[in-house]
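Student: Sharing a structure here in structure tokens format.
The values are calculated or read from the model by the stated rules, or taken from the named source; none is laboratory data. If you're wondering where the values come from, they're calculated on a predicted model, not measured in any experiment. Please note: Cβ atoms are built from the backbone with ideal geometry, for glycine as well, and neighbour counts cover all protein chains shown. To get the accessible areas, we keep the full protein, side chains included, count just its heavy atoms, and leave off ligands, DNA and RNA. Shrake-Rupley method; radii C 1.70, N 1.55, O 1.52, S 1.80 Å.
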Amino acid sequence: MNIQQLRLVHETVRQQFNLTQASAALNTSQSGASKHIRDLEAELGIDVFQRKGKRLLGLTDEGQMLIDLVERIVLDVENLRRSAQQLTHEDEGQLTIATTHTQARYVLPPVIREFKQAFPKVHLELHQCSPDEIVSLLKAGKVDIGIATEGLAQEREHLACFRFYDWHHAVVVPDGHPLADGTPLTLERIADYPLITYHRSFTGRERLNRLFEEADINPDFVLTALDADVIKTYVELELGVGLIASMAYNEQRDQGLTLVPAEHLFPVNTSYIALRRGYFLRGYAYKFLNICREDLTLQTVRGLLDKQAA
């Protein structure tokens, strides 16, 4: 038995039993991957996977019983490698962060600037993706830290989540628009206009939908997008009124647009920082967390991890 065999089993499950994709992810041939798995099954004396010809259909009952142990071993081996790197190259390495466009574009720049000043030899890799993709990357151990509003807090069995900051939606309109005349905003007034906002899976969109539904208002969402920059572009073209995260507006950069605060209308949203349980973090990763929130020190994060795991 060797770690490559266990990695192949783990990756095959992660790739939904597609052996071609699993072997590619681990830089081996499909025939070699199949032989490794067969050799492991022969040594264990059980079939880990259900098969139909050469195609893998899923885990056998025995495989279901073993897969958690396999995943723990693979994670422990990865943690051992990262621990050794920490001892030999404390201030060098790579930090990988998965987040949404809004966080990457409007929230993280000052954090990353401060981090790079402290750790100039650490390479930062920033993945911009959907909340579901962030969860998948964290679970697979492909990224160190995940940051998003949706998706993370619902995965507490696998992820440890820490509140990052709270925010509200706001209304953005072209300069001189009637909604910017100083009259208090209402949902009814907003819904009198075509609306442009986020795609359903991003940046608090589901909460917006529920808010209008509870008020028995049927707004006309004429365009949805994955990020605020696109939303603001079409607001500039006067195709509708934008509903964006308030931090996605910059008065200097967004000239020609007016942000109309609407905290009294829209519920508070919370963005979270998430870590995979049991995943070893390099020392500089804890510094990144501490820059995000001053109270997220190495000691407090580890303490909260232990508490949440209990």
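Student: Per residue, how much space in cubic angstrom lies within the convex hull of the C-alpha atoms of region 43-186?
Tutor: Measuring per residue, one finds 224 Å³ for the Cα hull of region 43-186.
Student: Continuing with this model, one more query. How high is the relative contact order of region 1-76, in percent, counting Cα pairs under 8 Å that sit 6 or more residues apart?
Tutor: Here the relative contact order equals 31 percent.
Student: Still on this structure, I have one more. Using alpha-carbon positions, what is the distance between the centroids of region 155-227 and region 91-137, in Å?
Tutor: Here the two parts' Cα centres lie 26 Å apart.
Student: Mind pulling the angle between the C-alpha long axis of helix 205-214 and the longest principal axis of the chain? Nearest 10 degrees, somewhere in 0 to 90.
Tutor: Its long axis makes an angle of about 50 degrees.
Student: Let me ask another. How compact and how long is region 216-308, expressed as Rg and Dmax of its alpha-carbon atoms in Å?
Tutor: According to the Cα coordinates of region 216-308, Rg and Dmax are 19.2, 51 Å.
Student: With every protein chain left in place, what is the accessible area per residue of region 213-310 in square angstrom, probe 1.4 Å?
Tutor: With the other protein chains kept in place, region 213-310 gives 52 Å² per residue.
Student: Going 7 Å from the Cα of Ser34 toward and past its Cβ, which residues in region 51-71 have a backbone nitrogen under 12 Å from where you end up?
Tutor: 52-56
Student: How much space per residue, in cubic angstrom, does the convex hull of the C-alpha atoms of region 4-121 take up?
Tutor: Convex hull of Cα atoms, per residue: 146 Å³.
Student: Rounded to two decimals, what is Rg over Rh for region 169-242 when you use alpha-carbon atoms and the Kirkwood radius?
Tutor: Rg/Rh for region 169-242 comes to 0.94.
Student: Further, regarding this structure: For n ≥ 4 DSSP H runs only, could you compute -39500 (n - 2.57) per run for the chain, divide by its residues and tell me the 222 nm figure to the nearest 500?
Tutor: Value at 222 nm, helices only: -12500 deg cm²/dmol.
Student: While we're on this one: At R0 = 35 Å, how high is the FRET efficiency between Asp295 and Lys116 if r is their beta carbon distance? Nearest 0.05 is fine.
Tutor: The value I calculate is 0.95.
Student: Accessible surface of Asp166 in the full protein assembly, 1.4 angstrom probe, to the nearest 10 Å²?
Tutor: Surface open to solvent at Asp166 totals about 80 Å².
Student: Take the solvent-accessible surface of the protein heavy atoms, probe 1.4 Å, and return the percent of it on the chain that carbon and sulfur atoms account for.
Tutor: Roughly 49 percent, rounded to a whole number.
Student: Once the Cβ-Cβ distance between Gln50 and Arg156 is put in as r, and R0 is 35 Å, what FRET efficiency do you end up with, to the nearest 0.05?
Tutor: Efficiency at R0 = 35 Å is approximately 0.70.
Student: Which whole-number percentage describes the relative contact order of the chain, with Cα contacts under 8 Å and a sequence gap of 6 or more?
Tutor: This gives 20 percent for the chain.
Student: Would you calculate the separation in nanometres between label points at Thr60 and Ala215, each defined as 7 Å from the Cα along the Cα-to-beta-carbon direction?
Tutor: So the label points at Thr60 and Ala215 sit 5.9 nm apart.
Student: Can you give the angle from 0 to 90° between the axis of helix 3-14 and the longest principal axis of the chain, with both taken from C-alpha atoms, to the nearest 10?
Tutor: 40
Student: I would also like to ask the following. List the longest stretch of the chain that has no exposed loop site; here a site is one of the GluC sites (Glu not before Pro) assigned by DSSP to anything other than H, G, I, E or B, with at most 16 other Cβ within 10 Å.
Tutor: By the stated rule (loop sites, at most 16 other Cβ atoms within 10 Å), 1-89.
Student: Enter the Cα centre distance for the pair region 250-302 and region 1-39, rounded to the nearest angstrom.
Tutor: Measuring centre to centre over Cα atoms gives 37 Å.
Student: Of all the C-alpha pairs in region 102-229, what % are more than 27 Å from each other?
Tutor: Value for region 102-229: 34 percent of Cα pairs lie more than 27 Å apart.
Student: I'd like to check one number: the per residue accessible area of region 94-144, probe 1.4 Å, reported in Å² as a whole number.
Tutor: For region 94-144, the solvent-accessible area averages 46 Å² per residue.
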